[in-house]
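Rule-based calculations on the coordinates, nothing more; no lab input. In this text, all values refer to a predicted model and were calculated from it rather than measured experimentally.
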Amino acid sequence: MPKTKAFDDFAGEYDHWFVAHAAAYESELEAVRVALGEPGRCVEIGVGTGRFAAPLGIELGVEPSAAAAELARARGIEVVEGVAEKLPYEEATLDSVLMVTTICFVDDPQLALSEMHRVLKPGGKAVVGLIDADSALGHEYRSRAAKSRFYAVATFFTAAQVGELLTRAGFVQLECWQTLFSPPAAMAQPDPVKPGCGEGSFVVMRASKPQTE
């Protein structure tokens, strides 16, 4: 059962976070841009309101929240209402697949990543952005999750755990980038994007589907 109620009821409030925390948003967007590179034919899973897909030139999105999907469509995204565990695409038809702060909301993360693997062409890339559960922001979000409209139903993962899930799904050549070294509410300008993980709260992981299997 997709965890969509808060996003249906408060899609505008969720979307406004990116305006109220513009420096943090720009930091996250740049980290995703670095990891994704040229997206080619790409879909963002859990496209939300389109805040990442639109500026990155991604034309396709999958989103279970009807209210969020409408906002993404207004930003020019072709959105299909669906879930990460059952993607509406044929096998080996996409160059890249993006998932940003979505893995914490899916019912079956392993199946979701296996679906990403299925729809990618050989050599295609999976890019996953997350708030690292081991980070300062991860600890903060978890500590107040019960009182949050959006994170009460979330399951936070560490970067290491997501790396393991990607490997089990058949991906190779795992790389990481990180940003958000400061609390988002206190940021006056974007933070840098650095290779690796373990310092920044926002981590972007990229892995490839093998050319041959």
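Quick notes on this one:
- Long-range lysine pairs (8 or more apart or interchain), the chain, Cα under 24 Å: 11
- Membrane-span-like helices in the chain, defined purely by DSSP H runs whose alpha carbon atoms cover 20 Å or more axially and whose average Kyte-Doolittle hydropathy reaches -0.5, are 22-36.
- Prolate/oblate/rounded label for the stretch 1-131 (Cα gyration tensor, a/c 1.5): oblate
- Hz values of 3J(HN,Hα) by residue in the stretch 169-183 - Karplus curve (6.51, -1.76, 1.60), Gly and Pro given as x: 6, x, 7, 9, 6, 6, 10, 9, 9, 9, 7, 6, 8, 10, x
- Value of [θ]222 nm, deg cm²/dmol, for the chain, DSSP H segments ≥ 4, -39500 (n - 2.57) each, nearest 500: -9500 deg cm²/dmol
- Built amide H within the under 5 Å cut-off of Gly124, gap 5+: Lys209
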